[in-house]
Amino acid sequence: MLREFHVLSLSVCADGQHWAAPLFYVLDPAQPRLLFVTDPQTRHGQLLRQAGSAVVTISSASRSIAEIRGLQMEGAVQRLAGADSEAASAFYAQTFPVPAHLQPAFWSFQPHAIKATDNRLHFGAKAYWPAPADAAPPLG
């Protein structure tokens, strides 16, 4: 699913403040993480700097409940710097060109828990990573 979709919904909380934002993302080819761009001065950018973690959803846009599929993830968020930021910029620009004059800030989201749902298999089909002891069997 990560390769099929291109927009994530990021939610973050710090010091009792909550915010969510839709963002374009790309899957990092070198590491198990998502790369995205956001201004550190936005409300969610400020909260990301404080929290260092977020939750993310990625889903299809189907109108049929039988076609719903997506991911719910929790993980670490980091603003990239130096060579890591330059590599992310080069890779991200292949899919979503960002004008250099905007001085984009690149970030990574590295999930440590994922729940995948795919109702095309059967209603409520779910898989977990890492799998909790009481989780349903993996998809497919």
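Residues checked against (1) in a loop (DSSP other than H, G, I, E, B); (2) of a type in the set (V, I, T); (3) surrounded by fewer than 15 Cβ atoms within 10 Å (Cβ to Cβ):
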{"position": "R3", "(1), (2), (3)": "yes, no, yes"}
{"position": "L8", "(1), (2), (3)": "no, no, no"}
{"position": "V12", "(1), (2), (3)": "no, yes, no"}
{"position": "H18", "(1), (2), (3)": "no, no, yes"}
{"position": "L23", "(1), (2), (3)": "no, no, no"}
{"position": "P29", "(1), (2), (3)": "yes, no, yes"}
{"position": "L35", "(1), (2), (3)": "no, no, no"}
{"position": "Q41", "(1), (2), (3)": "yes, no, yes"}
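The condition (being surrounded by fewer than 16 Cβ atoms within 10 Å (Cβ to Cβ), touching a residue at least 24 places away in the same chain (Cβ under 8 Å), under 22 Å from P29 (Cβ atoms) and not charged (D, E, K, R)) is satisfied by just one residue among Q50, Q78, Q110: Q110. Of the numbered criteria (1) in a strand (DSSP E or B); (2) in contact (Cβ under 8 Å) with a residue 60 or more places away in the chain; (3) of a type outside the set (S, T, Y), the one V55 fails is (2).
Quick check on this structure: which one of A105, A100, A66 is under 24 Å from V12 (Cβ atoms), more than 15 Å from the chain's Cα centre (by Cα) and not charged (D, E, K, R)? Break it down stepwise before answering.
Values: A100 fails: under 24 Å from V12 (Cβ atoms); A66 fails: under 24 Å from V12 (Cβ atoms).
Exactly one of A105, A100, A66 is under 24 Å from V12 (Cβ atoms), more than 15 Å from the chain's Cα centre (by Cα) and not charged (D, E, K, R), namely A105.
Number of residues in the stretch 1-46 that are within 12 Å of the chain's Cα centre (by Cα) and either of a type in the set (D, E) or over 20 Å from Q72 (Cα atoms) (or both) equals 1. Inspection of the stretch 78-89 identifies at least one residue that is at pLDDT 95 or above and part of a strand (DSSP E or B).
The values are calculated or read from the model by the stated rules, or taken from the named source; none is laboratory data. The structure presented is a predicted model; accordingly, all values stated were derived computationally and were not measured. Because the Cβ atoms are built from the backbone with ideal geometry, glycine has one as well, and the counts that use them run over all protein chains shown.
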